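See structure below.
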Amino acid sequence: MQNRPLAGKTALITGSTSGIGLGIAQALAAQGADIVFNGFGDAAQIADLQKQTAAQFNVKTAYFGADMTQPQQIEQMMNDAIAQFGSVDILVNNAGIQHVANVEDFPVERWDAVIAINLTSAFHTTRLALSTMKRNNWGRIINIASAHGLVASAGKSAYVASKHGIVGLTKVTALENAQTGITCNAICPGWVLTPLVQKQVDARAAANGVSIDQAKRELLLEKQPSGEFVTPEQLGALAVFLCSDAAAQVRGVAWNMDGGWVAQ
Ligand code: NAD
């Protein structure tokens, strides 16, 4: 099964019903990994996604709708996934939300939600995945941080704090497991045109009285020197590399794929 190097592995990707998480889930399935989906969305569409992925890539799929703000639901999902598949070998902590407001205006409830989903959920999934990874002496934990895990932007206090936080969690997890077959790394995307970013494009178009296309161009050029969006497929390919044997000594990195954003 040389062209399916992840056959026999199970990958759980939080927030994989949409955007980057879905792109990574499909890239891992293409390498033969069984896929555990998580995230919100229309039940019939999610069932279709599961069926399509299973049929297209000849893998098993499951879906758990755990809300990443709820530690008990996360625990249930991890227990159920491990009971069903034997282990979670690849854990991709991807679920994330954004809220934009200056610190003094930031709704307290939004701060708590951003930190819970973008950061605390990854602590819970990681602590719950590690014992079976250790038993197998193999695991890949990939945390989807952001360029905002490395640099800041005004108006994004909770998001930037959560993403810097998850880069820290990545390094500690990598160090604690450095002498095992378990690696932990972060991927730091620049702008990717997903529903999360479309909302920011729409808000910018409305605020500046410009077209959606113009708003996209402005958004990109403000931060991303390439002037082009990163794609979920490109991020999926990086995740596949981090799961490979060649990446066995890549440990604790925060790897930006950002069209040059943090090179500036
Ligand atoms: P998206 O909105 O398309 O997808 C987010 C996913 O998370 C969805 O599946 C959604 O259902 C799920 N989700 C949201 N709240 C949840 C909750 N409480 N419990 C369970 N699932 C929940 O967003 P995206 O752009 O694909 O973002 C994915 C990750 O990538 C996020 O962590 C985001 O911060 C990060 N990121 C995105 C960009 C970008 O430009 N889009 C850039 C850098 C980093």
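The values are calculated or read from the model by the stated rules, or taken from the named source; none is laboratory data. All values reported here derive from a predicted model rather than from experimental measurement. All Cβ positions, even for glycine, are placed from backbone atoms using ideal geometry, and neighbour counts span all protein chains on display. Surface accessibility is based on the protein's heavy atoms, side chains included, excluding ligands, DNA and RNA. Shrake-Rupley method; radii C 1.70, N 1.55, O 1.52, S 1.80 Å.
Think of it as helices only: each DSSP H run of n ≥ 4 in the chain is worth -39500 (n - 2.57), and spread over all residues that comes to -15000 deg cm²/dmol at 222 nm. Cross-link reach is defined here as a Cα-Cα straight distance under 28 Å, omitting same-chain residues fewer than 8 places apart; for K60 the lysines meeting it are K9, K51, K134. Could you pull out every one of the lysines with an alpha carbon less than 24 Å from that of K156, ignoring same-chain neighbours closer than 8 positions? Partners found: K171, K199, K216, K223. For the chain, the spread of Cα positions along the three principal axes, ordered from largest to smallest, is 53, 38, 35 Å. Ligands, DNA and RNA excluded, the heavy atoms of E109 present near 110 Å² of accessible surface to a 1.4 Å solvent probe. Ordered from largest to smallest accessible area (heavy atoms of protein chains, 1.4 Å probe), the residues W138, W261 come out as W138, W261. What net charge is computed for the residues neighbouring K9, neighbours being all others with C-beta under 9 Å from the C-beta of K9, Lys and Arg scored +1, Asp and Glu -1? Around K9, the surrounding residues sum to -1. Roughly how many percent of the accessible protein surface of the stretch 89-134 is carbon and sulfur, given a 1.4 Å probe and a whole-percent answer? The computed percentage sits at 59. What angle do you read, to the nearest 10 degrees and between 0 and 90, between the alpha-carbon axis of helix 19-30 and the longest principal axis of the chain? Approximately 30 degrees, to the nearest ten. Using only side-chain charges placed at the Cβ, +1 for Lys and Arg and -1 for Asp and Glu, the dipole size of the chain relative to its Cα centre rounds to 600 debye.
Using a probe of 1.4 Å, the accessible surface attributed to V100 totals some 80 Å² when neighbouring protein chains are kept in position. When the residues H164, H99 are ordered by accessible surface, computed with a 1.4 Å probe over the protein chains alone, the sequence from largest down reads H164, H99. When nucleic acids and ligands are ignored and a 1.4 Å probe is applied, D89 ends up with an accessible area of around 10 Å².
Quick one: if the Förster radius is 30 Å, what FRET efficiency do Q200 and D80 give, using the C-beta to C-beta distance and rounding to 0.05? In this case the efficiency is close to 0.30. Report the FRET efficiency, 1/(1 + (r/R0)^6), for V103 and R217, where r is their Cβ-Cβ distance and R0 is 35 Å, rounded to 0.05. Using R0 = 35 Å, I get an efficiency of 0.75.
Segment Q52..V262, full-extension length gain: 71.9 nm, with 0.36 nm per residue of separation and the alpha-carbon distance subtracted. Heavy atoms of the protein chains alone define the surface here; on that basis the chain has 45 Å² accessible area per residue at 1.4 Å probe size.
The angle between the Cα long axis of helix 43-57 and the longest principal axis of the Cα atoms of the chain comes to about 60 degrees, rounded to the nearest 10. Gain on full extension, evaluated as 0.36 nm per residue between A44 and K134 minus their Cα-Cα distance, stands at 28.8 nm. Counting only alpha carbon atoms, the long axis of helix 212-223 and the longest principal axis of the chain meet at about 80°.
Is the C-alpha gyration tensor of the stretch 1-93 telling us rounded, prolate or oblate? Criteria: a/c under 1.5 is rounded; beyond that, a/b larger than b/c is prolate, otherwise oblate. It is oblate, given that a/c is not under 1.5 and a/b is not larger than b/c. Surface composition of the stretch 25-88: carbon and sulfur make up 45 percent of the accessible area, probe 1.4 Å.
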